[in-house]
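The values are calculated or read from the model by the stated rules, or taken from the named source; none is laboratory data. As the structure is a prediction and not an experimental result, all values here were calculated from the model. We place every Cβ from the backbone using ideal geometry, glycine too, and count neighbours over all the protein chains shown. Remember, those area values only see protein heavy atoms, side chains included, never the ligands or the DNA or RNA. Shrake-Rupley method; radii C 1.70, N 1.55, O 1.52, S 1.80 Å.
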Amino acid sequence: MAEIETCFNNLCIAKRSTHTTEDLTYLLDIDCLKVPTGQSSQLVAVSCSNHCVRVYNKQTLTLVQQFQGHTSPISGIRFAQTSDQLLFSASCDGTVKCWDVRSPCTDAAQTYKGYPNNVFISFDISCNDLIICAGTEKVKEDTFMVFWDARRGTNAISPGGREPLGVYSETHNDDITQVRFHPSNPNKVASGSTDGLVNIFDISQETEDDALLATCNSDSSVSFVGWSGKELEQIFCMTHDEGFYLWDLAHLHNDEPITLMKIHDARESLKLDSANLDYLIGGFYHGNTEKLLVLGGTQTGKLHLLNCDAGSLAHLCTLRDRHSAVVRAFHWDSEDHSLLTCGEDAQLFLWKSDATELTAERKTLMKLPSDVHRKMRVHHKNAYKNKCDMQTTPHT
């Protein structure tokens, strides 16, 4: 454990994205292009509160491409896992779009449309890039997990885009805030909702009832879902009131308790010497140490690394540098041990061990947060709001 603690303790900002004041926008989600083991990703994508998707060179954080095609807030972005050129984005406008990051054309290569009144607030694509699933906001009494065949030229295409394969509609009764496919099993997918439930499905089954493998209850609105464990048989979730829960699905078939960790409010359970914890951002399984790690933050942009151990969250370290506002998303690269973060200060940061940033560049760019906060409404991540309302918009 000392190895990962030392690694994160030494992380410093190596690069940060640059934009003019007119381009300032909250950065809401982040993903990196998947590459073969032993290589480091060279492209990183972020979704913005002005409904666009930006693609950067990971090492320099220079802007490579910008895609504009959604008419409502973007609820998530994902690079394809088996292709080095496809990027997917889901939106509250009721569409999922596929973009070709290697093409000079900025139009969507494919649009996947939902059913009437669908508002997509979560989505993911399976590890073999065959199935897309998006979760909807509740409209009247309906909430859906909508599925498409992601392959080009397969399922029906209408003038408005590719039609869905079908939906799951019976296992959640409120907004589906998270959809997360298993990292290596393309038939297994987890969903989280404001109804407090985390459901795990085997989508190879013919009916929704048969597909439902397990239901875990967090008793609160789910904000993040992820897979963990050496065999990736564990599922964890975070809630909008900063709760943390961990379940072991392998215990479904024996007498061991399925719940490994249950923390109603991480802010109260953690004791930090140097600073407070205001919110949880997300988590990831660190394969080398076989540990589940969680990243949390403060309203002023400070980042804390937490370790899940012995049924509780423990503070490992606090990063030396920081953002100047709420951090919305991060990506940990296990190949080159680098960290990417983005947030409400309009900044995308690349963190590397013992990095040194050019002083002049840092001083210039540190002026930007005050500009973005004058332009945007600041969101304090202390309670659930529907995903579309959570996207920030300029003052009028």
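Using modelled backbone amide H atoms (1.01 Å from N, in-plane), which distant-in-sequence or interchain residues come within less than 5 Å of K138's amide H?
So K138 has HN proximity to D175, I176.
With a 1.4 Å probe and every protein chain left in place, tell me how much accessible area I30 has, in Å² to the nearest 10.
Here the accessible area works out near 10 Å².
What is the calculated FRET efficiency for T111 to T215, with r their C-beta to C-beta distance and R₀ = 25 Å, to the nearest 0.05?
0.15
Sorted from largest down, give the three principal axis spans of the alpha carbons of region 22-121, whole angstrom values.
So the extents along the principal axes, rounded to whole Å, are 44, 34, 23.
So for V119, V44, what's the accessible-area order with a 1.4 Å probe, most first?
V119, V44
Starting at the first residue of region 324-339, write each ³J(HN,Hα) from the Karplus equation 6.51 cos²θ - 1.76 cosθ + 1.60 with θ = phi - 60°, in whole Hz, x for Gly and Pro.
10, 7, 4, 8, 9, 7, 8, 9, 9, 9, 6, 7, 10, 6, 10, 10
Can you compute the charge dipole magnitude of region 209-261 about its Cα centre, using +1 on each Lys and Arg Cβ and -1 on each Asp and Glu Cβ, nothing else charged? Give it in debye, rounded to the nearest 20.
180 debye
State to the nearest 20 debye the size of the charge dipole of region 1-352 about its Cα centre, where the only charges are +1 on K and R beta carbons and -1 on D and E beta carbons.
In debye, rounded to 20, region 1-352 gives about 1320.
Under the 0.36 nm per residue contour assumption, what length would be gained going from the current alpha-carbon distance of D354 and A2 to full extension?
125.1 nm
Over region 1-352, how many percent of alpha carbon pairs lie in each 10 Å bin up to the one with the longest distance?
Reading upward from the zero bin: 5, 25, 36, 26, 7, 0.
Would you mind calculating the gained length between V139 and V64 on full extension (0.36 nm times residue separation, minus the Cα-Cα distance), in nm to one decimal?
The span from V139 to V64 would gain 23.3 nm if fully extended.
Greater than 25 Å separation of Cα atoms is the criterion. Which listed pairs, K15/K302; K58/K97; K140/K188; K58/K230; K97/K302, meet it?
K140/K188; K58/K230; K97/K302
What FRET efficiency, computed as 1/(1 + (r/R0)^6) with R0 = 45 Å and r the Cβ-Cβ distance, is obtained for H253 and H19, rounded to the nearest 0.05?
FRET efficiency, H253 to H19: 0.30.
Give, in nm to one decimal, the length gained when the segment between Q42 and R151 is fully stretched (0.36 nm per residue of separation minus the Cα-Cα distance).
Gain on stretching Q42 to R151: 36.8 nm.
Accessible surface of H70 in the full protein assembly, 1.4 angstrom probe, to the nearest 10 Å²?
Estimated to the nearest 10 Å², H70 gives 20 Å².
List the residues, sorted by chain then number, that are 5 or more residues from F123 or on another chain and whose placed amide H is less than 5 Å from its amide H.
HN-HN under 5 Å from F123: G135, V179.
Amide H of K291 versus every other amide H placed in the peptide plane: which residues, excluding those fewer than 5 positions away on the same chain, fall under 5 Å?
When sequence neighbours closer than 5 places are left aside, the close amide H contacts are H286.
Per residue, how many Å² of accessible area does region 1-352 show with a 1.4 Å probe?
38 Å²
Calculate, in whole percent, how much of the Cα-Cα pair population of region 305-355 lies beyond 15 Å.
Beyond 15 Å sits 56 percent of the P(r) for region 305-355.
What do you reckon, how do L252, L232, L27 stack up by accessible area (1.4 Å probe), largest on top?
L252, L232, L27
Given region 55-97, what whole percent of its Cα pairs are spread farther than 13 Å?
The calculated P(r) of region 55-97 puts 61 percent of pairs beyond 13 Å.
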